[in-house]
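*Asks:* I'd like to ask some things about the structure below.
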Amino acid sequence: MEEKKKFQIKDLIITALMVLCSQVLYRVLSFLFISPYTMLLAVPIWSIIGAIAYFLVPVKTKNPWMILLFCVLTSIIGFYPPYIISCIFAGIIAMLIARTKGVGNYKGLTIGYMIFCVLAGFGGMYVPFLFYADQTLKSYEKMFGSEYLGTLTKIVSPMTTGMMLILIAICGLIGAVISKKLLKKHFEKAGMI
């Protein structure tokens, strides 16, 4: 696939709509916060179901810069500095991979997506517990109660974080594979990409 060199307004619209779709999917997963055990699964599950929104951006726009824009807009919605920094850094890497490998190269897009998922998960879910533990724990105790907090502090550790980041990468890969199949089966056949 040939990359578009010219900026187009429709690329911005497509990217913004995909960010919105991605965020709606994540908000739907907020029911997982009912338990500390299921809360940890929110990002891995989102890595699977949110992949289609991510992949539609480069496939529809043919512009690697829109991958960076997707990551930046996603991060700003989070309103949390470590999450914003992680997502922007991931967006830069994903955009550079797409520019190098080609915006239509699914292997490159998959690697970029996995990096995005892992860094977004790290910045959004694990940085608060690893580096801002006291503030985060007090905040969670106010929101969910002391029993929830007690369970959460038992299960969140540097080792758990490492295992969860590996799980997020695996789920990102699964989401990428599913997205590639969906794009080829439905969107390409319909002539939408």
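*Asks:* Let me check I've understood the local charge: for L109, count other residues with C-beta under 10 angstrom from its C-beta, Lys and Arg +1, Asp and Glu -1. What total comes out?
*Replies:* +3
*Asks:* Oh, and also: Greater than 30 Å separation of Cα atoms is the criterion. Which listed pairs, K101/K184; K107/K154; K10/K181; K154/K180, meet it?
*Replies:* Checking Cα-Cα distances, K107/K154; K154/K180 exceed 30 Å.
*Asks:* Could you run the Karplus curve 6.51 cos²θ - 1.76 cosθ + 1.60 with θ = phi - 60° over segment 34-44 and give me ³J(HN,Hα) per residue in whole Hz, x for Gly and Pro?
*Replies:* Result, rounded to whole Hz: 5, 9, x, 6, 6, 4, 5, 8, 4, 5, x.
*Asks:* With all distinct Cα pairs included, what does the Kirkwood hydrodynamic radius of the chain come out to in Å, to one decimal, could you say?
*Replies:* With all distinct Cα pairs of the chain included, I get 17.1 Å.
*Asks:* Shifting gears a bit: Can you run the Rg to Rh ratio on segment 1-111? Use alpha carbon positions and the Kirkwood inverse-distance Rh.
*Replies:* 1.00
*Asks:* How far, in degrees from 0 to 90, does helix 9-28 lean away from the longest principal axis of the Cα atoms of the chain, to the nearest 10?
*Replies:* Long axis of 9-28 versus the principal axis of the chain: about 30 degrees.
*Asks:* Now for a separate question. Could you please state, rounded to a whole Å, how far the C-alpha centre of segment 57-80 is from the C-alpha centre of segment 24-44?
*Replies:* Measuring centre to centre over Cα atoms gives 22 Å.
*Asks:* How high is the FRET efficiency between S35 and H186 when r is their beta carbon distance and R₀ equals 30 Å, given to the nearest 0.05?
*Replies:* With R0 = 30 Å, the Cβ-Cβ based efficiency is 0.30.
*Asks:* Between S157 and I76, what length in nm is gained on full extension when 0.36 nm per residue of separation is reduced by their alpha carbon distance?
*Replies:* Details: separation 81, 0.36 × 81 = 29.16 nm, distance 2.67 nm.
Here the answer is 26.5 nm.
*Asks:* In degrees between 0 and 90, to the nearest 10, how far off the longest principal axis of the chain does helix 51-61 point, with axes built from Cα atoms?
*Replies:* Helix 51-61 sits roughly 30 degrees off the main axis of the chain.
Coordinate-derived values only; no laboratory data. What you are looking at is a predicted structure, and each value in this text was computed from that prediction instead of being measured. Neighbour counts run over all protein chains shown; Cβ positions are idealised from the backbone, glycine included.
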